[in-house]
């Protein structure tokens, strides 16, 4: 039912003193949140070619000093106190950001930034940083040497600490690119029930009018930042965030959310996907599977977002993977985990998701072309575009069906690593497995079906359907005449009943017993693999 309006009914300026007072009050209140109190370790980025290895401090290598007497400038960490406070920025780069930190421009930018060339979004962030009472700002474009691979790898590995240890992260959610800025005026309010006046009167006269209405909930797809892949890990890894949104200023920390533009009973703006503040989870443990489920939630959201550069598919989520590897001791394999590899291999393209892709209203996701440039082996979800989901175990649990992982080898383009965690682009990946594999005929499904295609067999001139196929991507080589192979992996068990066999759909390569994954299958028959002997297969 309509309720009295408890928040502003007019657009608000995001660059007003009232807005800054609100932001400062949220930051002060958060300092008393036990869950949000940081317990940082020393910040120790690995050395790279431009500077000697720093002493053990917890602030990033470079920061922007926003209130220097002669104007903003880039400063090296060793010129600052160990406990210097800083603000971080999360924003959409866009395609035309050219004012960045490079080896050649480092000395120049340490002397001072050219205000005329600083993108509007970064300039706005400098203004907010000063208004909040801080002197230093971290922005990736100006605090990471963009043409130094080692520095890039070091900073990506430290991304979790950079955002977690910042006093607050400014999220420029409403800015489509770095040149647009975010300190404008919010959009006019949206309503489920438009405001109307209710007269309050005594027996003799109307005393006053009570304005009643029901504000709309937050719509993430209206903020450009929620469609970008890189920015997801920046929000998740941050302890506290100021969100400059299409409908006003919002607050997110690990304890609470604040959204003055929404009704009091509005649902959470984002799924709660925060990782622990520190290494409180002993290596090798995962209490109640919490971190595992958090990763799956993050991965599902991540694959619904867009990237400008295809090569960023793995790097743009690697900071989260790095944090999870530290928390659990798991081994990372191009988007999958060695300790969960049996289940992780059974991901599938989410063609009919219940959650729309950010920026889209449709609940149906088209089958997208396979990227032309190699970025991951075919058995990794990172090899394709579009939403993916984990194996569905809502009807039971998966039992291994004559399947064994023999080995898994990843080759990177170079040996650049941080500790034992790789951040370099992938050159190749080889998965050797043992299992039952059969050739199969198939046909395209009706467009209204949930499955992309169907497994078929012929008997006395009649075609029978014996299973469903979900393809990973659209490929020119996929037509009904293409011979495919089914590699059995598991059966879904529920109440002691064995359900259909599921596994990887493979396309043969030129080398003997070598295949490329093209989809996932399930067969209605429990006898289709009877009498088939296990054999070794290589998937690339």
Handout entry: Distance in nm between pseudo-label sites at residue 540 and residue 458 (7 Å out along the Cβ direction from Cα)
Key = 3.2 nm
Practice task
Please give the FRET efficiency for residue 449 paired with residue 216, using the beta carbon to beta carbon distance and R0 = 45 Å, rounded to the nearest 0.05.
Solution key: 0.80
Completion exercise
Between residue 37 and residue 256, Cβ-based FRET efficiency (R0 25 Å, step 0.05) works out to 0.95
Handout entry: Spacing of the two label points (7 Å from each Cα toward its C-beta) at residue 428 and residue 293, in nm
Key = 4.1 nm
Practice task
Compute the length gained on full extension between residue 338 and residue 438: take 0.36 nm times their separation in residues and subtract their Cα-Cα distance, giving the result in nm to one decimal.
Solution key: 33.4 nm
Exercise for the section: Given the peptides 176-183, 476-483, 19-26, 121-128, arrange them by the average over their residues of other C-beta atoms within 10 Å, most packed first. Expected result: 121-128, 176-183, 19-26, 476-483
Problem - Cα centroid separation - the stretch 428-500 against the stretch 295-354, whole Å - result: 24 Å
Fill in the blank from the handout: For 107-119, 253-265, 237-249, ranked highest to lowest by mean beta-carbon neighbours within 10 Å, the order is 237-249, 253-265, 107-119
Completion exercise
Under the 7 Å Cα-to-Cβ spin-label approximation, residue 80 and residue 525 lie apart by a distance in nanometres of 6.6 nm
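Read-outs throughout are calculated quantities, based only on the coordinates presented, and are distinct from any laboratory measurement. Bear in mind the structure is a predicted one, so any value in this text is a computation, not a measurement. Cβ coordinates were reconstructed from backbone atoms using ideal geometry, including for glycine residues, and neighbour counts include every protein chain displayed.
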